[in-house]
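Engineer: Following this message is one structure expressed as structure tokens.
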Amino acid sequence: MVPFTAFVLSLAIFITPLTADAQGRGRGVRFGAQPVAGRVYEEPAFARGYADGFKHAQEDRRERRYDPVGHRDYREADQGFSRSYGTLEAYRNNYRAGFRAGYDAGYREDTGKRQ
């Protein structure tokens, strides 16, 4: 009985790190998820979407219009895509997540210019 219990315990200890890895822990930005600070530029689609969203938000803010999904860049979400990044659908998900985050940041940024 003791060898069986020892075997089960060693198996549980061995499998635990594998299940944590399979859940995506420590693998960077998941598709559609907000990245942890400092990880934004590890994901090219998110970084490109963030920059584009920030730029569009600055323009929309001047016109006092909030409409992140109304932009062609957001709808197409393929700017800067390269096959080396993976599938186009995954790229689009990350690009749109970055676009929304960048748009929110750009729209809320107080540049000190009041009209």
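Only the coordinates and a few stated rules stand behind these numbers; no lab work does. This is a predicted model, so every value here is computed, not measured. Positions of Cβ are generated from backbone atoms using ideal geometry, with glycine treated the same way; all protein chains shown enter the neighbour counts.
Engineer: Just to check I understand the Karplus step: with θ = phi - 60° and J = 6.51 cos²θ - 1.76 cosθ + 1.60, what whole-Hz values come out for the range 71-79, glycine and proline as x?
Structural biologist: 8, 4, 4, 5, 5, 6, 6, 10, 5
Engineer: Based on the mean of other Cβ atoms within 10 Å per residue, sort peptides 62-69, 46-53 so the most packed one is first.
Structural biologist: 46-53, 62-69
Engineer: Same structure, new question: Would you mind putting 96-102, 85-91 in packing order, based on average other-beta-carbon counts within 10 Å, highest first? Before the final figure, lay out each step's value.
Structural biologist: Values: 96-102: 23.3, 85-91: 14.7.
Ranking the peptides 96-102, 85-91 by packing returns 96-102, 85-91.
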